[in-house]
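Bear in mind these aren't lab numbers, they're just calculated from the coordinates by the rules spelled out. Everything quoted here is computed from the prediction, not taken from an experiment. Every residue, glycine as well, gets a Cβ built from its backbone with ideal geometry; the counts of neighbours run over all protein chains shown.
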Amino acid sequence: MPYRIYHNPALIDTVPLNSVQKGLVDCLLLGMEIGTGFSRLADQAGFAVAYPDGLLESSGGQTNWAYFFNAFNDDVGFFRQLINTLQASVGPDSKRIYVTGLPSGALMSHRLGVQLSDLVAATGVLEGALFLKGNPPQVPSAVGPVSVLILHGDRDKTVLYCGTPVDASQEQSFNYWSGNSADTCSRFDTPAALCDGQGNITAVVQKDATNCSGSTEVKFYKLIGGIHTWYAAPMNVPGQLPFNPDFNSSTGIATRDILWSLFSASSGESVGDWYVSNRGPYISPCTRRRQWRIAEPPFLFP
């Protein structure tokens, strides 16, 4: 599988290796590189960014990732190989490797957190769920503890906030990560659920689980008025959608910076080292085993 990698050799070569050998993996390639602004952040913070691309899924006629219960390809094996390859060529701190994604990449980020937690320190999920069209007991226990940040819009019509009988809700996803199958957290900022017993969205706008195994943390933010997209604009402006009253300069106020805040905090450093990101279908030229990507759903930049 091809991937796009971005880094500033001059910056990496002029500062200590353990503070700058960083990375971000994302499958949107050029489109997501421009839209997320991570390559610009790489220049500022001193890390490398790699953007891999998913294979064509014949049943859907477009590129996709093999998230839980969509195992048409060994994408977990691909990401393990990719991370090992980039570790050898770029040399990041092995304790600071992170993954994130949007659409099918968000679903895949959940799976990578579960099955690659021996390599991944934290995962950020934007508009995804632990599984679609699956059976919760079949999701395996995580290989090890991993910090998790989940951002989800309450108006997302593609991956429903409160799920369906066969699709995980945000409450199920949060409970998996904070429970005994993953991080075994013992302290919660609120006992309130994200979805009620009838499958309705509750008033909870953020949920945090701490005192977890391996000093990890599980955090959820509701994007009030948010839909199925990446937001580059501030999300803490009253009267402007999406909105969350808990976003501030410490948490970050736009998607990229909120994710970066978690990843840098999880390493105990001012910046993180590795950031692996994967995203679902989008228009992008691909090589070798790839096809041109198909926008499904559209990737929007507000």
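Taking amide hydrogens as modeled 1.01 Å from N in the peptide plane, which residues meet the under 5 Å criterion relative to Q62, leaving out close sequence neighbours?
E57
Using amide H atoms built 1.01 Å from N in the peptide plane, name the residues 5+ places from I97, or on other chains, whose amide H lies under 5 Å from its own.
Counting only residues 5 or more places away or on other chains, the set is A121, A122, W274.
Taking amide H positions as placed in the peptide plane 1.01 Å from N, state which residues far from L223 in sequence (5 or more) or on other chains have amide H under 5 Å from it.
H152, G153, D154
Per residue of the stretch 137-154, what does 6.51 cos²θ - 1.76 cosθ + 1.60 with θ = phi - 60° give for ³J(HN,Hα)? Whole Hz please, x for Gly and Pro, Karplus curve as stated.
Taking θ as phi minus 60°, the curve returns x, 7, 6, x, 5, 5, 4, x, x, 8, 6, 9, 10, 10, 10, 8, x, 7 Hz for the stretch 137-154.
Reachable lysines from K133, Cα under 27 Å, same-chain residues fewer than 8 places away excluded?
Correct list for K133: K157, K207, K219, K222.
How would you rank 146-152, 176-182, 201-207, highest first, on the average number of other Cβ atoms within 10 Å across their residues?
Those peptides, ordered most packed to least, come out 146-152, 176-182, 201-207.
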